[in-house]
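Working notes for the structure below.
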Amino acid sequence: MSQQVRAHMMLSLDGFGTGLNQSRERPFGSIDPQQLARWMFEDADNNRAEIDAIVDHGAFIMGRNMFAAPGPDVWEEEWKGWWGPNPPYHGPVFVLTHHARPPIEMEGGTTFHFITEGPEVALARARAVAGERDLAIAGGVTTLRNYLNAGAVDTLHLKISPLVAGQGERLWDGLTVTLEPIGARYTKFTTHLDYRVVHV
């Protein structure tokens with residue numbers, strides 16, 4: 001099978017992946033991450049396949065706000081993002097940003113590359129380094145929606161958590177593609193939904 005572009009995202013019941021007022025202390029803003037990701041923290045054994053699938057790719061793309069909190073134009077050089085010294089990706093991660101920064105090599109083989117030339121360049125670079133492996137659009141919401149609408153994503157895996165966020169970044173707002181259901185599975189704290197992305 002040819003290389004695929006896959007996407008994984010956690011959403012609230014009303015479709016929000018990030019709340020308002022995101023900050024270094026609150027990476028999901030007004031959404032409680034313990035509730036959104038409870039399925040990972042408290043029921044990992046029953047969700048092991050889905051957890052492993054998130055990072056089983058040859059390369060990753062994420063938006064700047066998924067790497068680090070929004071802030072001034074200048075990077076906080078001493079802070080290397082939310083992911084700790086050994087991020088889970090263990091491969092190249094391309095971060096979309098308007099502000100250049102040298103690559104950051106982390107433990108475990110993760111290297112963050114900061115791409116200022118736009119999403120098409122990030123996608124091309126991710127495809128090249130992934131080789132025969134698939135690549136992932138990791139998020140956040142705006143980044144994923146843009147790649148979906150651009151026709152770049154082949155499959156989408158959603159984890160729907162049983163909470164209502166009410167406000168923030170909602171995946172469905174402005175989405176122009178059709179999602180064809182191809183699978184579903186329920187566990188204690190989430191419902192896993194798989195879609196093939198149909199571009200009309």
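Structure data summary
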{"read-out": "Criterion (at pLDDT below 95 and among the acidic types (Asp, Glu)) met by exactly one of GLU120, GLU132", "value": "GLU132"}
{"read-out": "Which listed residue is assigned to a loop (DSSP other than H, G, I, E, B) and of a type in the set (Gly, Ala, Ser), from ALA49, ALA136, ALA100, ALA128", "value": "ALA100"}
{"read-out": "Residues that are surrounded by fewer than 19 Cβ atoms within 10 Å (Cβ to Cβ) and touching a residue at least 60 places away in the same chain (Cβ under 8 Å), drawn from segment 57-93", "value": "GLY58"}
{"read-out": "So ALA100, is it farther than 20 Å from ALA122 by Cβ, surrounded by fewer than 19 Cβ atoms within 10 Å (Cβ to Cβ) and among the small types (Gly, Ala, Ser)", "value": "no"}
{"read-out": "Those residues of segment 116-151 which are surrounded by 16 or more Cβ atoms within 10 Å (Cβ to Cβ) and hydroxyl-bearing (Ser, Thr, Tyr), in sequence order", "value": "THR142, THR143, TYR147"}
{"read-out": "Within segment 146-200, strands (runs of 3 or more DSSP E) holding 1 or more residues that are under 26 Å from ALA122 (Cβ atoms) and touching a helix residue (DSSP H, G or I) at 6+ places or on another chain (Cβ under 8 Å)", "value": "155-161, 190-198"}
{"read-out": "Scan of segment 164-192 for residues that are over 10 Å from LEU11 (Cβ atoms), among the aliphatic types (A, V, I, L, M) and surrounded by 13 or more Cβ atoms within 10 Å (Cβ to Cβ), ordered by number", "value": "LEU175, VAL177, LEU179"}
{"read-out": "Selected residue (only one of TRP82, TRP39 is under 30 Å from ALA165 (Cα atoms), of a type outside the set (Val, Ile, Thr) and assigned to a loop (DSSP other than H, G, I, E, B))", "value": "TRP82"}
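The values are calculated or read from the model by the stated rules, or taken from the named source; none is laboratory data. None of these values were measured; they are calculated from a predicted model. Here the Cβ is made from the backbone with ideal geometry for all residues, glycine too, and neighbour counts use every protein chain on show.
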